[in-house]
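Okay, so here's the structure we're looking at.
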Amino acid sequence: MKFYMPTRLYCEKNCVSNHAKEIAGYGTHALIVTGKSSSRKNHSLDDVISALDTCSTSYTIYEGVEENPSVETVMDATCKGIECGADLVIGIGGGSALDAAKAVALMMKNPKKGWEFLYEQVEAQAYPVIAVPTTCGTGSEVTGVSVLTRHDLRTKISMKHKVFPDLALVDGRYLLSAPRKIIVNTSIDALAHLIESAVNTKADYYSLLNAIGGISLFRNARAYIDDMDENARSLDEDAALMLMEISAIAGIAIAQTGTSIPHALSYMLTYEAGIPHGPAVGRFLAGFLEHADSIRKKEILDAAGFESTKSLGEFINRLAPADADTELVERAVKGLLSNEAKLKTCPYHIDEEKLSLIAGL
Ligand SMILES: [Fe+2]
């Protein structure tokens, strides 16, 4: 077995300001990589700027990372980072901003390389990355993965390199201004990470400690997700921090095992039909768990507080429905059948018939 989690992780109120001095140790000029506006609304950007000022670290801001960031955006941000002489990248936002930040840190450190380098299987260094998540799903703050949109291939593909953030600063307050939809969708993504890590060829005692533990915590958090109104007003700081911690624990789990079939099937739904990542993944989760080893399936359902995979599927469909054309799902299934590496992540026998059952065809 191998358990690798090199990220220093803090989860607490006022996390960024509490650890401002640590930030200074990672670089002299930071490139802040963030989305279009949410980091201004939830004050995470203000907190990071104030922490950088405290430790006299200069910075440049790259705003505008889109949902499901493209390789083109990564290269654009890389140019800006090289121009300003940055030697540290701080990602603020949901998984998109954090994934982009990791890829940018890699490309900035290898300035003579073109975008194809993202997909070359070679040893390479990256500049340090600090992650400040503001949603509760991807766990990108504690994984080395960066999933990027490849417009040339009309889907999303992870870069080949693993770039773990050096430091992750998690504060539940940043989640409080997010709309209900974002919180629900990203929570379903975290649940998918936990289940896909637990039902995985690479699962071992250590990854399962995180995966099953995270699923038990998810059970406690279900009421918060269910009770939220459109503006998530019923969510308090403690509940928000709990959701973000579930996401981080799920991230630690998939950092060991990777994801499996639901994630692989989801990417085409997101690219072709614009279905957000959480619902797209959630669409396949109950079907995937249904065919798992019966002991592991029961362990997961018990931990999550569901009677059956049917009730799990109904829960997901009620909170985060994914309305995808049958023809598109069929294409996703066909595409996955030729992806041997991804099929190998599934611990049970899988063929076209079973994949169709998982996909609900
Ligand atoms: Fe995910």
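Just so it is clear, none of the values below were taken in a lab; they were calculated from the coordinates. None of these values were measured; they are calculated from a predicted model. Neighbour counts run over all protein chains shown; Cβ positions are idealised from the backbone, glycine included.
Would you mind classifying the range 180-358 by shape? Square roots of the alpha carbon gyration tensor eigenvalues, ordered a ≥ b ≥ c; an a/c under 1.5 is rounded, otherwise it is prolate if a/b is larger than b/c and oblate if not.
Details: a/c = 1.79, a/b = 1.26, b/c = 1.43.
It is oblate, given that a/c is not under 1.5 and a/b is not larger than b/c.
Taking the Cβ of each residue in SER50, SER44, SER177, SER38 as the centre, tally the other Cβ atoms inside 10 Å and list the residues starting with the fewest.
Going from least to most buried by this count: SER50, SER177, SER38, SER44.
Go through 105-113, 239-247 and give me the packing order, highest mean Cβ count within 10 Å leading.
Ranking, from highest mean packing down: 239-247, 105-113.
Under 17 Å from a label point 7 Å along Cα→Cβ of LEU357: give me every residue in the range 271-295 with its amide N that close.
Counting only backbone N, you get 284-295.
Give me the net charge for the shell around THR138: Cβ to Cβ below 10 angstrom, other residues only, Lys and Arg +1, Asp and Glu -1.
On the way: positive: none; negative: ASP99, GLU141, ASP189.
Result for the neighbourhood of THR138: -3.
Using a simple spin-label model with points 7 Å from Cα along the Cα→Cβ vector, what separation in nm is obtained for ILE295 and GLU67?
Using points 7 Å along Cα→Cβ, the separation is 4.1 nm.
Which of the peptides 58-65, 153-160 is most tightly packed, and how do the rest follow, going by the mean number of other Cβ atoms within 10 Å of each residue?
For the peptides 58-65, 153-160, the packing ranking is 58-65, 153-160.
For labels at GLU120 and TYR10 in the simple 7 Å Cα→Cβ model, what's the distance in nm?
Taking the simple label geometry, GLU120 and TYR10 are separated by 3.7 nm.
What's the center-to-center distance, using Cα atoms, between the range 172-246 and the range 16-79 in Å?
25
If r is the Cβ-Cβ distance from TYR348 to THR54 and R0 is 41 Å, what FRET efficiency results, to the nearest 0.05? The partial results should precede the final answer.
Details: r = 52 Å, r/R0 = 1.26.
Working from the Cβ atoms, E equals 0.20.
Which of ILE275, ILE295, ILE261 moves most in a GNM of the chain, Cα contacts under 10 Å?
ILE295
If you wrap a convex hull around the C-alpha atoms of the chain and split its volume per residue, what is the figure in Å³?
So the per-residue Cα hull volume is 119 Å³.
If the limit is 32 Å between Cα atoms, which of LYS36/LYS156; LYS112/LYS181; LYS21/LYS80 go over it?
Table pairs above 32 Å Cα-Cα are LYS112/LYS181.
Sort the following peptides by mean Cβ neighbour count (other Cβ atoms within 10 Å, averaged over residues), highest first: 74-83, 92-101.
Descending packing order for the listed peptides: 92-101, 74-83.
Just from its helices, what would the mean residue ellipticity at 222 nm be for the chain, if runs of 4 or more DSSP H residues each count -39500 (n - 2.57) and the sum is divided by every residue, rounded to the nearest 500 deg cm²/dmol?
It lands at -15500 deg cm²/dmol.
Net charge around ALA86, counting only other residues with Cβ within less than 13 Å of its Cβ (Lys, Arg = +1; Asp, Glu = -1)?
After counting each charged neighbour, the total is 0.
Give me the percent relative contact order of the chain, please, defined on Cα pairs under 8 angstrom at least 6 residues apart.
Working: 756 pairs, mean separation 58.3, N = 361.
After rounding, I find 16 percent.
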